[in-house]
Amino acid sequence: MDIFYYGIDNNKGGMEIFAFNLIKKAIEKEPSIKFHILTCFEDISFKKELLSLGCEITILPKRTRFFSYYKSLKNVFEKADKSNSIIHLNVMTGRNLLLFRAARQSKIKTIIVSHSSSIKAISISFANFLFRIINKNFGTKVGVTKEALKVISNKIDENSFVIHNGINQKLFAYNEDIRNELRNKYHIPDDQFVIGQVGRVSYEKNQIFSCKIIESIKDRDNVSLHLFGNIQDKSVEKFVVKNKLQNIIKIHDVINNTNEIYNMFDLLLFPSLFEGAGIVLYEALANGLHCLVSENVPDLGIQTNKITRLPLEQEKWISALNCFKEERDTNRKNELVGSDYDLDTQVDQYLKLYKKLIYS
């Protein structure tokens, strides 16, 4: 079985982690599967790991080179064994109209995945509207939530499914010993209230908002904010230096032990301007961490009192932070109740879908 997988770029964020975990686990469960990764990036995330798993990586021209990009896609699909192949498009919106057109013309059975339900931009909303019209009867649609599915499908039927994102929940279980080790490593006093944000430091992740509210909270001497992620937006560092906040705001680059870092926090901030998969929220909830989340983050449908959603209004976040700081949460247990959000369940559902499409 050949899976032509599109949707991994050069930023090791939630979407890439989602894709890599799915591919790795699927190959472990079904060694006969061959993944062909289609990407526009030479330095694709998890490149070394994907190659070691036996994946084939095809570098396409940039999407802005419309003709070359489209021609390369058609060439790849024309060489495929159509009776034993599936195109898996791990894309968020309808912006990839050329990609959808090439897949549709190939006659290869196609899966289209939607991760986001909180798209505000008019241009993207219009692209999704066009997508739903043009691709009404094309492909099998998958949403990570019911709301995400509605972005790409006007109806729920036998060709539309909800498959939740999944993580290895055991890796993110709260561990007091690891908490103490990390706090010692980062020179954090036992009684300090640690606020964390995980994800690339960029415009859409909105770390500048986090910095501004930390600057404004009362009694901040015993509070610190730690930002972990690939640093793309230098304005965050400039803001911290300009306002002399280096003692309470720490910016760290990418780390390899993301699953452990949540133990160090007392609260997770997630103030994204827009968001796709929201994997960070799954990870934090598996750790039992309370999460202060913007209304732009998709609703996961998880029943928990550990998520507090607020509009991006600075005063409301400052007020919430002051309350959390006074009443530190010590009850840390997995909030992802049931198996719907477990990686094994997610992979089994995709494998079942692959086989259904191949053998139907």
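The values are calculated or read from the model by the stated rules, or taken from the named source; none is laboratory data. Computed from a predicted model, the values in this text were never measured in an experiment. No Cβ is skipped: glycine too gets one built from the backbone with ideal geometry, and neighbour counts run over all protein chains shown.
Any chance region 238-249 includes a residue that's assigned to a strand (DSSP E or B), in contact with a helix residue (DSSP H, G or I) (Cβ under 8 Å, 6 or more places away or on another chain), closer than 16 Å to ASN11 by Cα and of a type in the set (A, V, I, L, M, F, W, C)?
no
For every residue, the table says whether it meets (1) within 20 Å of ARG328 (Cα to Cα); (2) among the basic types (Lys, Arg); (3) outside the structural domain of LYS12 (by TED's automatic domain parsing).
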position: GLY196; (1), (2), (3): yes, no, yes
position: GLY199; (1), (2), (3): no, no, yes
position: ILE214; (1), (2), (3): yes, no, yes
position: ILE231; (1), (2), (3): no, no, yes
position: LYS234; (1), (2), (3): no, yes, yes
position: ASP253; (1), (2), (3): no, no, yes
position: ILE261; (1), (2), (3): yes, no, yes
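Report yes if some residue within region 178-195 is modelled with pLDDT under 90, surrounded by 16 or more Cβ atoms within 10 Å (Cβ to Cβ) and not in a strand (DSSP E or B); otherwise report no. It would help to see each step written out before you state the result.
So the first thing to find is which residues in region 178-195 are modelled with pLDDT under 90, and the list is 190-191.
The next check asks that each one be surrounded by 16 or more Cβ atoms within 10 Å (Cβ to Cβ); those that pass are none.
Among the residues of region 178-195, not one is modelled with pLDDT under 90, surrounded by 16 or more Cβ atoms within 10 Å (Cβ to Cβ) and not in a strand (DSSP E or B), which makes the answer no.
How many residues, within region 246-264, are closer than 23 Å to CYS291 by Cβ and without any contact (Cβ under 8 Å) to a residue 40 or more places away in the chain?
7
How about region 81-106: which of its residues are modelled with pLDDT under 95, over 15 Å from GLY7 (Cβ atoms) and not in a helix (DSSP H, G or I)?
Residue satisfying the conditions is ASP81 alone.
Out of VAL236, VAL223, report the one residue that is among the β-branched types (Val, Ile, Thr) and touching a residue at least 60 places away in the same chain (Cβ under 8 Å).
Being among the β-branched types (Val, Ile, Thr) and touching a residue at least 60 places away in the same chain (Cβ under 8 Å) holds for just one of VAL236, VAL223, which is VAL223.
Residue-by-condition table, conditions (1) of a type in the set (A, V, I, L, M); (2) crowded, with 20+ Cβ neighbours inside 10 Å:
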| site | (1), (2) |
| --- | --- |
| GLY13 | no, yes |
| LEU22 | yes, yes |
| TYR69 | no, no |
| LYS74 | no, no |
| ASP81 | no, no |
| ILE86 | yes, yes |
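Could we say that ARG183 is of a type in the set (Lys, Arg) and over 27 Å from PHE18 (Cα atoms) here?
Values: of a type in the set (Lys, Arg): yes; over 27 Å from PHE18 (Cα atoms): yes.
So ARG183 passes the test.
Of the residues SER272, SER210, which is buried (at least 18 other Cβ atoms within 10 Å of the Cβ), part of a helix (DSSP H, G or I) and in contact (Cβ under 8 Å) with a residue 60 or more places away in the chain?
Matching residue, one of SER272, SER210: SER210.
Given VAL280, VAL297, which one is at negative phi, among the β-branched types (Val, Ile, Thr) and in contact with an Asp or Glu (Cβ under 6 Å, 6 or more places away or on another chain)?
Residue meeting the stated conditions: VAL297.
Among the candidates PHE228, PHE172, PHE193, single out the residue that is among the aromatic types (Phe, Trp, Tyr), at negative phi and in contact with a Lys or Arg (Cβ under 7 Å, 6 or more places away or on another chain).
Only one candidate qualifies: PHE193.
Of all strands (runs of 3 or more DSSP E) completely enclosed by region 1-71, which ones contain at least 2 residues that are of a type in the set (A, V, I, L, M, F, W, C), at pLDDT 90 or above and under 22 Å from ASN165 (Cβ atoms)?
Fully inside region 1-71 and qualifying: 2-6, 34-39.
In the set LYS333, LYS325, LYS316, LYS352, which member is in a loop (DSSP other than H, G, I, E, B) and not hydrophobic (A, V, I, L, M, F, W, C)?
Within the list LYS333, LYS325, LYS316, LYS352, the selection yields LYS333.
Name the residues in region 215-242 that are loosely packed, with under 13 Cβ neighbours inside 10 Å, over 27 Å from the mean Cα position of the chain (by Cα) and at pLDDT below 90, would you?
LYS218, ASP219, ASP221, ASN222 - these are the residues of region 215-242 that are loosely packed, with under 13 Cβ neighbours inside 10 Å, over 27 Å from the mean Cα position of the chain (by Cα) and at pLDDT below 90.
Hey, among ASP43, ASP81, which residue is more than 30 Å from VAL201 (Cα to Cα) and outside the structural domain of GLU275 (by TED's automatic domain parsing)?
ASP81
Quickly run through region 196-214 and pick out the residues that are of a type in the set (Gly, Ala, Ser) and at pLDDT 90 or above.
GLY196, SER210 - these are the residues of region 196-214 that are of a type in the set (Gly, Ala, Ser) and at pLDDT 90 or above.
For TYR262, all conditions in the list (1) within 26 Å of ILE152 (Cβ to Cβ); (2) among the hydroxyl-bearing types (Ser, Thr, Tyr); (3) outside any loop (DSSP other than H, G, I, E, B) hold save one; what is the number of the exception?
Only one criterion in (1) within 26 Å of ILE152 (Cβ to Cβ); (2) among the hydroxyl-bearing types (Ser, Thr, Tyr); (3) outside any loop (DSSP other than H, G, I, E, B) is unmet by TYR262, namely (1).
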